[in-house]
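Novice: Handing you this structure, nothing more for now.
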Amino acid sequence: RSNHIITISQIVKDDVVHRYSLKQGTVTVAYPGVDGTFTNKGPAYEGDNPYFLFVGALKPGKNIPFLLRGFAKFLTTQKKTMDLYLGGGEYWKDLNIDKEIVALGIAPRVKKLGFVPDTKLASYYRGAVTYTSPSLYEGFCLPAVEAMACGCPVIGSTEGAFPEVVGDGGILVDPYDAKALTAAMDVMANNRIKRTSYVKKGLRRAKKYSWETFAKIIFERINQIS
């Protein structure tokens, strides 16, 4: 019986094949699905101000200090007040996050949500200006797909699986280019036509990711190698 590997994105597949010198036919991509809770139908959270949303563990690889710097610069270009919500646990906490918030003087504009259950998280996606994650690497980034499924456009990274998974459903920026991040935030916050276009593209994109398709790929592959 042949060994076989299932990966959650093409970039992970390429990394695995390269690292372990595997034959291409021994690795299959099966994209994860999105829970039905995440839909554009339902209530949208209404904050005190319009807000950008990050969802994920607040750990170093997520590049959150960079996000904070881009957000701080964005605020200096705006007349209206906007907030940044950080949703996620702090088990692997990036200690530079709090330091950066204080150093940038944006504590009143940054709100930590902690862990948010899926039912409430969907409303945060629906109410956000955009889901924003300039992560240094993602193997898939389920929150980005959840956001698109909720009608929330994405600002993602040019690194990792973002280009593959998000595609034209958002704006992808170099995770080291703060000016690019600030410019993307400006588009999502102030250009209604472009933002609406990303919303529509994201909704179409999100339909690609279903657990039924995932299960079908796994089932077919198991039968092939049994």
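The values are calculated or read from the model by the stated rules, or taken from the named source; none is laboratory data. Note that the coordinates shown come from a computational prediction; the quantities given were computed from them, not determined experimentally. Don't worry about glycine lacking a Cβ; one is built from the backbone with ideal geometry, like all the others, and counts go over all protein chains shown. The accessibility values were calculated without ligands, DNA or RNA, using every heavy atom of the protein model including side chains. Shrake-Rupley method; radii C 1.70, N 1.55, O 1.52, S 1.80 Å.
Novice: Output the number of residues of region 83-103 satisfying the condition of being part of a helix (DSSP H, G or I) and touching a strand residue (DSSP E or B) at 6+ places or on another chain (Cβ under 9 Å). Even if it seems obvious, please write down each step before you answer.
Specialist: To start, the set of residues in region 83-103 that are part of a helix (DSSP H, G or I) comprises 96-103.
So of that shortlist, the ones also touching a strand residue (DSSP E or B) at 6+ places or on another chain (Cβ under 9 Å) come out as 97, 101.
Total satisfying the criteria: 2.
Novice: Could you please tell me which pairs satisfy a Cβ distance under 6 Å, a separation of 6+ or placement on different chains, a first residue in region 106-131 that is under 20 Å from Gly156 (Cβ atoms) and assigned to a loop (DSSP other than H, G, I, E, B), and a second residue that is polar (S, T, N, Q) and open to solvent by 40 Å² or more (accessible area, probe 1.4 Å)?
Specialist: Pairs found: none.
Novice: For region 113-159, which residues satisfy the criterion of being of a type in the set (S, T, N, Q), over 13 Å from the mean Cα position of the chain (by Cα) and modelled with pLDDT of 95 or more? Lay out the reasoning, then the answer.
Specialist: Filtering region 113-159 for residues of a type in the set (S, T, N, Q) gives 119, 123, 130, 132-133, 135, 157-158.
From what is left, the residues that are over 13 Å from the mean Cα position of the chain (by Cα) are 119, 123.
The one that is of a type in the set (S, T, N, Q), over 13 Å from the mean Cα position of the chain (by Cα) and modelled with pLDDT of 95 or more: Ser123.
Novice: Residues of region 172-200 being in contact with a Pro (Cβ under 8 Å, 6 or more places away or on another chain), open to solvent by 20 Å² or more (accessible area, probe 1.4 Å) and farther than 20 Å from Lys79 by Cα, which ones?
Specialist: Leu172, Tyr198, Val199
Novice: Residues that are open to solvent by less than 70 Å² (accessible area, probe 1.4 Å) and closer than 30 Å to Asp98 by Cα: which strands (runs of 3 or more DSSP E) entirely in region 1-60 hold 3 or more of them?
Specialist: Filter on region 1-60 gives 51-55.
Novice: Which residues, taken from region 19-43, are closer than 22 Å to Val166 by Cβ and of a type in the set (Ser, Thr, Tyr)?
Specialist: Within region 19-43, Thr28, Tyr31, Thr37, Thr39 qualify.
Novice: Quick one: count up the residues across region 61-77 that are closer than 17 Å to Ser157 by Cβ and either open to solvent by 40 Å² or more (accessible area, probe 1.4 Å) or among the small types (Gly, Ala, Ser) (or both).
Specialist: 3
Novice: Just give me the residues in region 122-136 being surrounded by 15 or more Cβ atoms within 10 Å (Cβ to Cβ) and in contact with a Ser or Thr (Cβ under 8 Å, 6 or more places away or on another chain), in sequence order.
Specialist: Ala122, Ser133, Pro134, Ser135
Novice: Continuing with this model, one more query. Return a yes/no flag: does region 78-90 have any residue that is modelled with pLDDT of 95 or more, touching a Ser or Thr at 6+ places or on another chain (Cβ under 7 Å), open to solvent by 10 Å² or more (accessible area, probe 1.4 Å) and not basic (Lys, Arg).
Specialist: Scanning region 78-90 turns up no residue that is modelled with pLDDT of 95 or more, touching a Ser or Thr at 6+ places or on another chain (Cβ under 7 Å), open to solvent by 10 Å² or more (accessible area, probe 1.4 Å) and not basic (Lys, Arg).
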